[in-house]
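The values are calculated or read from the model by the stated rules, or taken from the named source; none is laboratory data. Everything quoted here is computed from the prediction, not taken from an experiment. Here the Cβ is made from the backbone with ideal geometry for all residues, glycine too, and neighbour counts use every protein chain on show. Note: areas computed on protein heavy atoms with side chains; ligands, DNA, RNA excluded. Shrake-Rupley method; radii C 1.70, N 1.55, O 1.52, S 1.80 Å.
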Amino acid sequence: MSLLFSYLFDAAHWSGPTGIPARIGEHLFYSVLALALGAVVAVPLGALIGHTRRGGFLVVGIANGMRALPELGLLTLLVLLMGIDLLPVTIALAVLAVPPLLAGTYSGVRNVDQGAVDAARGMGMREWQILFKVEIPNALPLILGGLRASALQVIATAAVAAYVSFGGLGRFLIDGLKSLDYSQMAAGAILVALLALAVEGLLALVQRAVVSPGLRGGGRRSPTAEITTPDSSPDSTDTTTATPEPAGATP
Amino acid sequence: MDGGIDVIEFRSVTKRFADGTVAVDGLDLVVESGKITVFVGPSGCGKTTSLRMINRMIEPTEGTITVDGRDVMAGHPADLRRGIGYVIQQAGLFPHKTIRDNIATVPLLLGWSKPKARARAEELMQTVGLGPEMAGRYPAQLSGGQQQRVGVARALAADPPVLLMDEPFSAVDPVVRESLQDELLRLQGELGKTIVFVTHDIDEAVKLGDKVAVFRTGGHLAQYAEPAELLARPADDFVDGFVGRDRGYRTLGFLSDEVPLGTITPVHVGESATGGWTLVVDEEDKPLGWVTGAGPVAEADVLPGGTLHPVASGSLRSALDAALSSPSGQGVAVDDEGRLAGSISADAVLAALAAAREAA
Ligand SMILES: Nc1ncnc2c1ncn2[C@@H]1O[C@H](COP(=O)(O)OP(=O)(O)OP(=O)(O)O)[C@@H](O)[C@H]1O
Ligand SMILES: [Mg+2]
């Protein structure tokens, strides 16, 4: 057991350009780049398809197609095509980020109470105002749920960067394997898991801060309000949305 | 809104949906300004479609619709809609916004400052009977009836001259619905908006409408008349069937009463009754209820009375109700202040009805 942790607890490994903090920084850097690229593609696309309610089949097709791609094969192919560069690494990881974000954004926007959308349009909001003032704020729990799932995937997989000679926590896995230093490999695996958990916790806090209290579960509720969780929710623990139940049984 | 101009006009309006359904067929209709016009009819007869063509949520296939003389198809639909209040059945409140911010939506769209829009929202909450403590709540924390009040307040926020309401009260229970209807009438008395109100409930139509348009399946207008006229002279069998068998009784609600009042000698609590049914009144002569038998009257002996007939504002219907619901068989009529004005017998109501029929 102590052998497993010896690398991790050796103070010498906690400084310098190949130390643990530097590797964590690199790992986060690749992950954030990939998430940003994935979000730039997935969120507008999902929002547009959800808003117009046209092309829902695209969401399923794109998400499933991307999920089916073998990550390592994709990365190898991209590096062969583009050379050893940050771009192929980012693209390969972004491909992982897209499906949960796309599905979350699409279903979030699509599941916004149609009465609210109809009222917004009827009161004279323009289409972009409906999207930004009504649909996206109401879809935030599902969009952020998608982001959390994407972040988890990307962080867990960003170790592949080391496979094509980049840094990040993957270095410990690859270098450890090369030198049969299992304690170093264990350190890499543990750090990846801890990092994923830490980011997940951070995003959960962000979600609490930016999602309207009106969309949160709990709190005082009238008997006519019920909580529903859309089936397509990528993360069912914290993405409950309240929909007012029209059938009035208020005694 | 000076009563004279016809603000909403349908001219040979037809709506054919992409799948070939003709929802509205050659509709000609003039909605009078400052009045409540109700579209009523069975499900699928094109009421919602007709309503939504007014604010261009649905575009007509043929014909023109003008609001205050302007073709709704001219200009940007969003600009048209900002000048027309819109209330729908599910209320359609924004779940992520507080009640205050929901109501402030249109003023903010129109570019009002935030403080001004919010002050206006709070003023409207009072107008529709919502306590100020609700301002910071979210829609999910409100009952269905409260949500509908917010919906109405939100539609009124920018003070539009026209209000479109699509079955706004049909999702709440009957008691709440009654009070929402009463409040709409009270509000309308103050505001004098041009209201188009859709319902499939003939009772609601007759209660709220200054004018009622009865639609028949296929998007045809079957009859367009004042409620009393509709009940008294249905244009055809369809309208007759739709307004229902008890229309004779409903008609009474539109006949002003000419019922002669009988005299009645009430007693106060503590005084002695002489036997039979005796009406008890308080110090201000307001009816409390009835006692039977002779002897001193104690408060505990008073039986609740029936409905009261207001002499000034009542109809033959309220007179008949008062006579039939009183335990003594004698209805009680009251003046504006609620003080005893006299008694009413069912026979007198029926005689007045016969007289009214003859006159008609
Ligand atoms: N978008 C649409 N596409 C095709 N047909 C439609 C569409 N909207 C409504 N219809 C059809 O048009 C007809 C009139 O519909 P509308 O909604 O105006 O009825 P309604 O009188 O409001 O009925 P309800 O009382 O049930 O609300 C119905 O037969 C309906 O099925
Ligand atoms: Mg309808």
Of the residues in the stretch A:31-82, those that are modelled with pLDDT under 95, under 19 Å from the mean Cα position of the chain (by Cα) and assigned to a helix (DSSP H, G or I) come to A:VAL59, A:VAL60, A:GLY61, A:ILE62, A:ALA63, A:ASN64, A:GLY65, A:MET66, A:ARG67, A:ALA68, A:GLU71
Within the stretch B:206-216, does at least one residue satisfy the condition of being assigned by TED's automatic domain parsing to the domain that holds B:SER12 and at pLDDT below 90? no
I'd like to verify a number: residues in the stretch B:103-132 that are in a loop (DSSP other than H, G, I, E, B) and over 28 Å from the mean Cα position of the chain (by Cα), how many? 4
Identify the residue in the stretch B:65-79 that is under 18 Å from B:THR49 (Cβ atoms) and under 26 Å from the mean Cα position of the chain (by Cα) and, among all such residues, is farthest from the other protein chains (Cβ to nearest Cβ). B:THR66
Counting only residues that are within 16 Å of ligand 2 (Cβ to nearest atom) and β-branched (Val, Ile, Thr), the stretch B:30-73 contains a total of 7
Where residues in the stretch B:126-166 are more than 9 Å from every other protein chain (Cβ to nearest Cβ) and charged (D, E, K, R), which of them is surrounded by the most Cβ atoms within 10 Å (Cβ to Cβ)? B:ARG149
Out of everything in the stretch B:33-75 that is open to solvent by less than 20 Å² (accessible area, probe 1.4 Å) and assigned to a loop (DSSP other than H, G, I, E, B), what residue ends up being farthest from ligand 1 (Cβ to nearest atom)? B:SER33
With respect to the numbered conditions (1) in contact with a His (Cβ under 7 Å, 6 or more places away or on another chain); (2) near ligand 1 (Cβ under 9 Å from one of its atoms), which one is the sole condition not fulfilled by B:ASP25? (2)
Considering (1) of a type outside the set (Lys, Arg); (2) surrounded by fewer than 24 Cβ atoms within 10 Å (Cβ to Cβ); (3) within 26 Å of B:SER43 (Cα to Cα); (4) away from chain A (no Cβ under 13 Å), say which one B:GLU123 fails and leave the rest. (3)
Against the definition (at positive phi and outside the structural domain of B:ALA232 (by TED's automatic domain parsing)), how does B:GLY293 come out, yes or no? yes
Name the one entry in A:LEU37, A:LEU48 that is farther than 25 Å from A:GLN114 by Cα and out of contact with any Pro (no Cβ under 8 Å at 6 or more places or on another chain). A:LEU37
Does B:LEU187 fit the bill of being in contact (Cβ under 8 Å) with a residue 60 or more places away in the chain, within 16 Å of ligand 1 (Cβ to nearest atom) and outside any loop (DSSP other than H, G, I, E, B)? no
Condition first: under 22 Å from B:THR49 (Cα atoms) and in contact with a Lys or Arg (Cβ under 8 Å, 6 or more places away or on another chain). Can you find one or more residues in the stretch B:142-150 that meet it? no
Check off (1) touching a residue at least 12 places away in the same chain (Cβ under 8 Å); (2) among the basic types (Lys, Arg); (3) surrounded by fewer than 23 Cβ atoms within 10 Å (Cβ to Cβ) for B:LYS114 and give me the number that stays unchecked. (1)
Can you go through B:VAL214, B:VAL162 and tell me which one is touching a residue at least 60 places away in the same chain (Cβ under 8 Å) and within 16 Å of ligand 1 (Cβ to nearest atom)? B:VAL214
I'd like to check something: does the stretch B:291-300 contain any residue that is modelled with pLDDT under 85 and either acidic (Asp, Glu) or in contact with a helix residue (DSSP H, G or I) (Cβ under 7 Å, 6 or more places away or on another chain) (or both)? yes
Looking at this structure, is B:ARG118 more than 14 Å from every other protein chain (Cβ to nearest Cβ), basic (Lys, Arg) and at negative phi? yes
Given the residues B:ARG52, B:ARG100, B:ARG16, which is the only one that is over 24 Å from the mean Cα position of the chain (by Cα), within 13 Å of chain A (Cβ to nearest Cβ) and either modelled with pLDDT of 95 or more or closer than 30 Å to B:VAL206 by Cβ (or both)? B:ARG100
Filtering the stretch A:110-130 down to residues that are among the hydrophobic types (A, V, I, L, M, F, W, C), surrounded by 22 or more Cβ atoms within 10 Å (Cβ to Cβ) and in contact with a Gly (Cβ under 9 Å, 6 or more places away or on another chain) yields A:VAL112, A:ALA116, A:ALA119, A:ALA120, A:MET123
So, restricting to helices (runs of 4 or more DSSP H) that lie completely within the stretch A:96-210, which ones have at least 3 residues that are touching a residue at least 12 places away in the same chain (Cβ under 8 Å) and within 14 Å of another protein chain (Cβ to nearest Cβ)? A:114-122, A:136-157
